[in-house]
Structure formats: C-alpha cells, structure tokens
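Read-outs: derived from the displayed coordinates by stated rules, not from any lab. None of the values given here were measured: they were computed from a predicted structure. Glycine also receives a Cβ, built like all others from the backbone with ideal geometry; neighbour counts cover every protein chain displayed.
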Amino acid sequence: MYKGTAASPGIALGKALVVKNSKIVVNRRNISNIEAEVEILRKAIDTSIDELTRVKEKVSKELGDEEAEIFTEHLMVLEDPELIGSTISKIIDEKVNADYALNEIKEMFIDMFEAMDNQYMRERAADIKDVTNRVLRHILGIKVVDLANIDEEVVLIAHDLTPSDTATMNKEKVVAFLTDVGGRTSHTAIMARSLEIAAVVGLNDITARVKNGDYVVFNGETGEVIINPDEQTKRIYIKLKEEFERYRRNLAQVKGHKSVTKDIRFIELAGNIGTPEDVEGLLKNDAEGVGLYRTEFLYMNRDTLPTEEEQYKAYKAVLEEMDGKPVIVRTLDIGGDKELNYLDLDKEMNPSLGYRAIRICLDRVDLFKTQLRALARASMHGKLRVMFPMISSLDELLNCKKIIKEVMKELDEEGIVYNRKDVEIGMMIEVPSAVMISDILAKHVDFFSIGTNDLIQYTCAVDRMNQKIHHLYDQFHPAVLRMIKIVIDNAHKEGKWVGMCGESAGNLKMIPLLLGMGIDELSMSPISILPARQLIKTLNYDDMKELADKVLCLGTSDEIVEYMDKVLKK
C-alpha cells in the first residue's frame, strides 16, 4: 500500500494509464537507403495528420469550430511544401536520417518566423515547433499518449498534470488521477474535484511503481493506493465505492433548499469553474452561484491571446446558464505555476512572488482592456461580478478601477451597450499586505473574496508545490485564521460582504469556524456543495460565533484541529 495526499473524494478502481514525457533527442547519422528514410518521414507525417484530424473533429464537436481552428493551422504546417520539401531535399542531398533533417529544417523555419515584424507570422513559429515535434516523436518511436483520444476507462497516472493536459483529455474515460507531486491546492487536485473524480497526489514515485495495464484501487479521502490488489481487496473497494455513491445520492435530499443554519442565517454556497462546460457540474450540485470563474483557462492550450469576441461568448454562456444567479469572474491570473508560452514571459527565480496576475494586467493594459470590454458586454446577460486577483496595495486597486472607467468611456463612444449600474466590483485577498489594509481597501470595493490557497503560502512562507515542506502549508495555522477574521470584520464595518474561494471554503472541518467568523459566501468545487449545505443545516450561528472566539485564542493548529474534531463529533 502507498500513501499520498488525499486530493479529491471517491473510491477508484481501474486499469492504469501511465503518462511519461520522453525528451526528444536527435543525432545525425549517415544513411545509405535514401528512399527508405524519405518513406519513414512520410509515414510519420501521415500518422500525425490522422491524429490531428481526429483531435480537430473532437474539439469542433465539443467546443465549436472556432476552438478547433488551431488544429486547421497545425494541419497546414504538415502540408507546407516548402517545409516538407526542404526536409526531403536535406535527406537526399546530405544522406542524413529523417529526424535530423526535419529537426534542422524546423529550427531554420522557427528562427525565420520569430525574426519577422508581423505578430501573426511570429506566432506561426509555435505552430511549427508543436507540429514538427509530433512528427519527430513518431519517427523516433516515442510513444505519444493522446489524452484527447483515450478510448477506454483508465486511472490516469502522471508525474503531474498541466492545465493543458486536463483541458484536452477525454473526461468521459479518465475515471481518476494519481500523481507523483502536488498537494490539495495543486491544479491536478482542484481539477479532480471540479470533475468529481477521485484523486491522490504527492505519491513521490507512483509513475515508476505502476506499469500500463496494472489494476489500481485507491481511496481519495484517505490517500491510500493499492497496486494489483488481490480479489478480497477488490471486493472491499467495490463495496466502498457503492457506499460512497449511495452517500452522494442521499445528498440529493438537500437539493433545492437554501443553505441556512438552524437559526436561519443564510450562507451563499457557490462553485468554482474554469470553463463554460463546468457549469453543468454546478447546476447538478445545486450551486447558488459561481464564486470563482478562473478565466485563465480561456488563455491556455492555444498559441495566441483569445479575442474580445471569444471571451464575450464564454462569459455570456456562463451568465445565461446560471440564469440570474451571481457569477464572479476573476480577471486574468497567470504567472506562477500557470504559463503562457506565447506571452514570452521571462523565467523568474520565484514566480509566485513575481510578474503575475494583476501585475501583468496593469503592465499589459491592452490585454486587460480586451478582457474588461468582453466582460462589460457580457454583463447584459446575467448577474455579473468582477474580481481582481493578487491586489497588494490601494494603488493597484485604484488603477484597476481607473481602467474600468476608461473601458466604459470607450464603449459609450462606440455605442456598445453594457450594464453600467449593477455590476459589483471586488478583489481577492491573497497577500498579507492586503489583509493589513483591508479596512482601507473595503471602502473602494463591493466585496472581498479570500483566496486561501495563496494567502496560506504567503503567510506561512511555504511554497505549496514543494513536497518537502508541504506539512507546513497549514490552513488551520492561527495566523491564517486571525487574518481571515480581520478581513471579515473590516469589510463588515464598511457594509461590504466577504466570500472565500480557496480550497478551505469546501473543508467541512473549516466551515463551522468560517461561519462563526461571519463569512457571507463560500465558493468550492461542485462536489463539495451539497455536503457543505447538509452540514450548515445542522449548525447554529450563535454557537459557531462562540466556537470561533474560542478557536482564535488557541496557539497551534494541532489544538485547533483537535477542537474542531470534537465539535463535529457531537
């Protein structure tokens, strides 16, 4: 048995699919059979064309023709007579192997396109690199696992899963995740909870211990993983899976009810999403709104910035599907662990503290304005709330509001309609400096949303992706809890409401404490909404206020967790 970090609840049983990224290594070889080498190249190209055609059809069917357009451009690269012709000529003229020839021509074309003044042509360099690397892998016999075309149910096992991996994979067939690295707040864990599938992360070397086709069972609530279990263990896990599914079905009893305590205090339970497709999971779990729409997923898994029209359609779709329920859209939050290759951001020693989120948007006002224009136009289709990430000073917040006014003025001049009165403007509280001036910031916003994932790592000085010190990443740290209380109190003094959209919001052990502190809204993974509502309906707000007062006087997280365990067992 192996033990990792429990990342997403559920019991998983299934065949393993291990994904490993092999490095492309090309060496020059002299060859004698030129015709055979050219044929190797042509076969690799044909295989790549077949793959890309299938992916294009799948994306077009699921997301629309516009989203599939990138694959049309990739197919055009493979049909480019100059690129392919130059590669064949190099094989013939220099009597060299196909992979070496293609790699040399690839580098020449990339250098040429990247040196051009035209932005569109520069962006073509990324297409050439992506497509030719696909062909090179086929020539070299490097197995490429196409996550979009998985055709049987599997437990996906990887060192880690990138946002683009989870965006393109076949979500119908991937039944669970296991990864070497990560914690409860890693992208993989968050995505697993959004997809409502079991996951265990931080297993260190699970990719080395499991082979393709091995049978795996695990518990996403305890973090226990067993490879190739005996029949008795299988039967135990089948029974556990049935019990878990029965528990989930029983939660349906709280559907359609308000999230209120026994003494009638209402808490808005909203959900976190990354794409318009995620709204289905929210509606299925009876969310009272969208508390966090992570718009960075619109920018990922592509080679160019999304246009205003693309963004408008995505925001409009979510607002319309939520049918009048509030939708909080977080403006672009990239940097840190979320990279966009086409923005060519410099590598940084400490990206979590670097050029990211609102810092990029205030520097690249052009891309910020594009997003704000799309949001303003979409505001006509539902109850929109806009939220800025990573605000650390009043100056940043005021600059954001100034740019919003500029966008409104531009839209007025163009005669474009938008909701100018009813859109609430808020900000995330993620850094200690924002906590300490939250009394000042509260005067300039309609709401705060506490992002505990970053607030914990910045307060405790712990990189939340670092396995060696992950035990120090502590949501029950007294300093973190006191900061949350400060923010709530300062906002309420100004008549503003406070939500929470970090992973702590869905933690059943944390919810009674947050309730007692006076939190107004909690936004979590869809799978956590009904359990949270069921718990809230058993609590008394006045009792929870007393609970919070006692907990905030305790000195260690161990004491706090022990105390909360006793409260929840009563």
Length-normalised contact order for the chain - Cα pairs under 8 Å, 6+ apart - percent
14
Working out 0.36 nm times the residue gap between Q253 and D205, then minus their Cα-Cα distance, what length gain in nm do you get to one decimal?
13.2 nm
Taking a virtual spin label 7 Å from the Cα of A36 along the C-beta vector, which residues in the stretch 67-103 bring their backbone nitrogen under 20 Å of it?
88-102
Write down, largest first, the equivalent ellipsoid semi-axes of the chain in whole Å, where each equals the square root of 5 times an eigenvalue of the alpha-carbon gyration tensor.
43, 31, 21
Find which of I456, N350, L568 sits farthest along the positive direction of the dipole of the stretch 265-569, computed with +1 on the beta-carbon of Lys and Arg, -1 on that of Asp and Glu, about the Cα centre.
L568
Can you work out ³J(HN,Hα) from phi for every residue in the stretch 471-487, in order, using Karplus 6.51 cos²θ - 1.76 cosθ + 1.60 and θ = phi - 60°, giving whole Hz and x for Gly and Pro?
5, 8, 7, 10, 6, 9, 4, x, 5, 5, 5, 5, 5, 4, 5, 4, 4
Most exposed to least, judged by fewest other Cβ atoms within 10 Å, S449, S259 sort to S259, S449
Evaluate the charge dipole of the chain about its Cα centre and quote only its size in Debye, nearest 20, assuming +1 on the Cβ of each Lys and Arg and -1 on the Cβ of each Asp and Glu.
2000
Note down the magnitude of the dipole of the stretch 339-457 about its Cα centre, charges +1 on Lys and Arg C-beta and -1 on Asp and Glu C-beta and zero elsewhere, to the nearest 20 debye.
380
Report the one residue of G495, M300, A36 whose Cα lies farthest in the direction of the positive end of the charge dipole of the chain (charges on C-beta: Lys and Arg +1, Asp and Glu -1; origin at the Cα centre).
G495
Would you mind classifying the stretch 148-302 by shape? Square roots of the alpha carbon gyration tensor eigenvalues, ordered a ≥ b ≥ c; an a/c under 1.5 is rounded, otherwise it is prolate if a/b is larger than b/c and oblate if not.
oblate
For the modelled label position 7 Å from the Cα of F266 along Cα-to-Cβ, which residues of the stretch 506-536 have backbone nitrogen atoms closer than 15 Å?
520-522
Theoretical gain in end-to-end length, K143 to D542 [0.36 nm per residue, Cα-Cα removed]:
137.7 nm
Provide D565, D278, D543 in ascending order of the number of other Cβ atoms located within 10 Å of each residue's Cβ, fewest first.
D565, D543, D278
So for the stretch 265-569, taking the charge dipole from beta-carbon charges (+1 Lys/Arg, -1 Asp/Glu), which of A532, L411, M387 sits furthest toward the positive end?
A532
At R0 = 25 Å, FRET efficiency that the Cβ-Cβ distance of L554 and Q534 yields, to 0.05
0.40
Please turn the phi angles of the stretch 39-49 into ³J(HN,Hα) values with the Karplus equation 6.51 cos²θ - 1.76 cosθ + 1.60 (θ = phi - 60°), one per residue in order, whole Hz, x for glycine and proline.
5, 4, 4, 5, 5, 5, 5, 4, 4, 5, 5
With a Förster distance of 35 angstrom and the Cβ-Cβ distance between I416 and S393, calculated FRET efficiency to the nearest 0.05 equals 0.65
Per DSSP helix of 4 or more residues, -39500 (n - 2.57); summed, then divided by the residues of the chain. What does that give at 222 nm, rounded to the nearest 500?
-15000 deg cm²/dmol
Taking θ = phi - 60°, what integer Hz values does the Karplus form 6.51 cos²θ - 1.76 cosθ + 1.60 yield along the stretch 526-535, in sequence order, with x for Gly and Pro?
x, 5, 8, 5, 5, x, 5, 5, 4, 5
Label-point gap, in nm, between V25 and K566 - each point 7 angstrom along Cα→Cβ:
6.0
Here the FRET efficiency for E79 versus E107, based on Cβ atoms and R0 = 25 Å and rounded to 0.05, is 0.80
Can you put I456, I128, I486, I238 in order of Cβ neighbours within 10 angstrom, beginning with the fewest?
I238, I486, I128, I456
Which residues does a label at K401 reach in the stretch 435-458, if reach means a backbone N under 19 Å from a point 7 Å past the Cα toward the Cβ?
435-450
